[in-house]
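Colleague: Mind looking over this structure? Questions follow.
The values are calculated or read from the model by the stated rules, or taken from the named source; none is laboratory data. What you see is a predicted model, and the numbers here were worked out from it, not measured in a lab. Virtual Cβ from ideal backbone geometry, glycine too; neighbours counted across all protein chains shown. To get the accessible areas, we keep the full protein, side chains included, count just its heavy atoms, and leave off ligands, DNA and RNA. Shrake-Rupley method; radii C 1.70, N 1.55, O 1.52, S 1.80 Å.
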Amino acid sequence: MDRIQPQSTELRRLLGERTADLQRVKAEYDNYRKQVRRDRMAVREIATENVLRALLPVLDAVEAARRQEEAMPPGLRAVVDVLETQLGSLGLAAFGAEGEPFDPMCHEAVTHVVAADAECLICTEILAPGYRVGDRLLRPARVTVTGPPAARGTVDGGWTGAGHTGGGRVDSGGPAALRRGP
């Protein structure tokens, strides 16, 4: 009997070690599966964003066709409707509306119009809509902003206008139009 007891204790110890090893391996495998799932989702999101970004010129061409005075032919209108529906189902959302406050995180000020009575920068014309997928920005909205005159090189409390001369309509020079001042 004395002989059975030590073996039983040794077997229990070995069983405990193997059980702990198995639990550790299982936890590592579960973590690996979760990581692979996250990686696959990230790759899918990046691929979707790349495809949607590549289709933005098509949406710009559609928008240009809408702006023309002639009515869009019914066949083209149907293609546009299907395209917009499918892109929407992938999460693509257009943004940018006249009258919105200017937000340099999602708007690109192409032109700045000075208005002495303005208190802040407002998007007064949408030159090209912006697009996002979920919370991710694909392209900022290109806008004309109207706002107060520059106060010693700044506009709206610290936003500087590149090429701003202080009066009338000023072409601000593209994407770096309004940058955060020092």
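Colleague: Considering only protein heavy atoms and a probe of 1.4 Å, how much of the accessible area of the range 1-92 is carbon and sulfur, as a whole percent?
Modeller: Taking all protein chains in place, the range 1-92 shows 60 percent carbon and sulfur surface.
Colleague: Report the paramagnetic label zone for residue 58: residues of the range 67-90 whose backbone N is under 16 Å from a point 7 Å from Cα along the Cα-to-Cβ axis.
Modeller: 76-90
Colleague: If you add up the charges near residue 108, with Lys and Arg at +1 and Asp and Glu at -1, over every other residue whose beta carbon is less than 11 angstrom from its beta carbon, what do you get?
Modeller: Details: positive: 139, 142; negative: 103.
Surrounding charge for residue 108 is +1.
Colleague: Right, something else. Could you compute the net charge surrounding residue 128? Neighbours are other residues with a C-beta less than 11 Å from the C-beta of residue 128; K and R count +1, D and E count -1.
Modeller: -2
Colleague: Further question on the same structure: Modelling each spin label as a point 7 Å along the Cα-to-Cβ direction, I'd like the residue 50/residue 78 distance in nm, to one decimal.
Modeller: Each label point lies 7 Å from its Cα, and together they span 3.4 nm.
Colleague: Let me ask something else. Around residue 50, what is the net charge, scoring Lys/Arg as +1 and Asp/Glu as -1 over all other residues with Cβ under 12 Å from its Cβ? Write down the numbers at each step before the final one.
Modeller: Numbers: positive: 44, 53, 136; negative: 45, 49.
Spelling it out: positives minus negatives among the neighbours equals +1.
Colleague: Roughly what would the spin-label model give for residue 113 and residue 9, points 7 Å off Cα along C-beta, in nm?
Modeller: Spacing of the two 7 Å Cα→Cβ label points: 9.1 nm.
Colleague: In Å², and per residue, what accessible area does the range 1-66 have when probed at 1.4 Å with the other protein chains present?
Modeller: Per-residue value: 86 Å².
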